[in-house]
């Protein structure tokens with residue numbers, strides 16, 4: 001029972017942080033338009049780190065069911081190109097959906 005409560009607290013803190021820290025402001029179309037060139041430069045300077053960072057953010061967005069996956073998907077296409085962007089979005093979405101499924105299965109099982 002303690003593991004279930006701990007998992008619920010972690011999920012709750014993640015969702016609350018998204019709203020209280022106003023992270024949703026950065027996951028908007030306006031923010032993407034404004035920062036697209038800067039993100040491309042960061043990607044060109046630190047490709048591997050930026051790819052891991054992007055997949056991690058996408059994973060958290062999907063696993064916590066936060067709004068913003070659409071903007072992140074568009075950002076992937078704009079920053080990485082269509083093929084690599086599609087691959088990274090698929091990896092992040094698959095890992096995030098798997099984590100969401102497993103956590104829900106663990107929390108709500110008998």
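The values are calculated or read from the model by the stated rules, or taken from the named source; none is laboratory data. Keep in mind the model is a prediction, meaning the values are calculated, not measured. FYI the Cβ positions are ideal-geometry reconstructions off the backbone, even for glycines, and counts take in every protein chain you see.
Select from segment 59-76 the residues that are assigned to a helix (DSSP H, G or I) and closer than 15 Å to residue 31 by Cα and list them in ascending order. Within segment 59-76, 69, 70, 71, 72, 73, 74, 75, 76 meet the criteria.
Yes/no matrix, rows are residues, columns are (1) loosely packed, with under 15 Cβ neighbours inside 10 Å; (2) touching a residue at least 12 places away in the same chain (Cβ under 8 Å):
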position	(1), (2)
22	yes, no
29	yes, yes
33	yes, no
52	yes, no
62	no, yes
65	yes, yes
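Comparison of 47, 82, 63 shows that the only residue that is modelled with pLDDT of 90 or more and under 11 Å from the mean Cα position of the chain (by Cα) is 63. The set of residues in segment 35-49 that are without any contact (Cβ under 8 Å) to a residue 24 or more places away in the chain and in a helix (DSSP H, G or I) comprises 35, 37, 38, 41, 42, 44, 45, 47, 48, 49. The combined condition, being in contact (Cβ under 8 Å) with a residue 40 or more places away in the chain and assigned to a helix (DSSP H, G or I), is fulfilled by residue 95. For segment 1-20, the set of residues classified as surrounded by 11 or more Cβ atoms within 10 Å (Cβ to Cβ) and in contact (Cβ under 8 Å) with a residue 12 or more places away in the chain consists of 4, 7, 8, 11, 14, 15, 18, listed by residue number.
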